[in-house]
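No lab work stands behind these numbers, since they all come straight from the coordinates. Quick caveat: nothing in here was measured; it's all calculated off a predicted structure. Cβ sites come from the backbone with ideal geometry, for glycine too, and all protein chains shown count toward neighbours.
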């Protein structure tokens, strides 16, 4: 007899396969009954028919016995509430508890889980999953949509303080000396000393003219009265004013005057010396601390975070989001690099396996209880049907084997009787 092929994994396919196997086992039993009746009717025709009768009789008995045993697991045979029948329906809750305990003891220990996970490349599977274009796009979309909300929810005084302290620490970490030196050096190089000197001496000439009377008065006060009587003080004052005016005008009007070169050298040297002055750097540092402590600095941080949140939200809502595109590139590149980084995969696998094994082992009682509770919540008919669908096909083979082996045993016993 050709037996049906192995069933598929879907419940409907298993149910159909179970029905076919039941028909096959029942058909074989009916065949034994028919063969028994025919052999018994014609047993006197030929001695060989006695072997058929013995085979059919024993096969019929074995088939009926196995049918009773298999049926008694799931229901009362022919509806009679005989003892030790409908075993599964009557012991549903106990089966669930025992099944959970069995899985807890034999499948959920840390050693068993670790041994199984050791053969699974968790990191490689995870990285390849992330690297798929559709999955990469989905992750990028999710992170892009999540970023503004996370930043907004994380906002507030704590985030502002963190941003302010972080930025302030970075600013304090900048060495001011080379910056000051560079700035002052550029200033020194960019100064037009000739224009400054020309303007300076123009002011000096004007100042001299505006203060002629003051100069005359000061000279008069320092001159003896005898010389005042002969007006020598006025002559000295006028000569002094004239000499000073000529000297200042000469420097103002002569681009190559030696005083100009000397002034340029002194001014340039003073600026360069200022760049290396500890007192000057101290003033810079004091100014920096005052800037960091100013309320405007905190306000700038607060406004910056608010604007950043708004910019992120506007960008992520755009079809051409730069954040989403950048995230897509970063995730794709990370996946490609991670596939080539064996050391990284080894670390990820080690961590993932340890975490899973530890978690499952720690929660194995809860997992076992989940099995027991699930079976307990099922109604009796559901449990019976599910178990019968899963194992009933193999039990029908028991019926078939019982029928055939019973027949063979009957055939052997008949042979011993005929051939003592």
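Numbers at a glance
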| item | result |
| --- | --- |
| Cβ-derived FRET efficiency at R0 45 Å, residue 378 paired with residue 40, nearest 0.05 | 0.45 |
| Where labels lie 7 Å past Cα in the beta-carbon direction, separation of residue 405 and residue 256 in nm | 12.8 nm |
| Sequence ranges 51-64, 103-116, ranked by mean other-Cβ count within 10 angstrom, highest first | 51-64, 103-116 |
| Per-pair calculated FRET efficiency, R0 = 51 Å: residue 363 and residue 304 via Cβ, rounded to 0.05 | 0.70 |
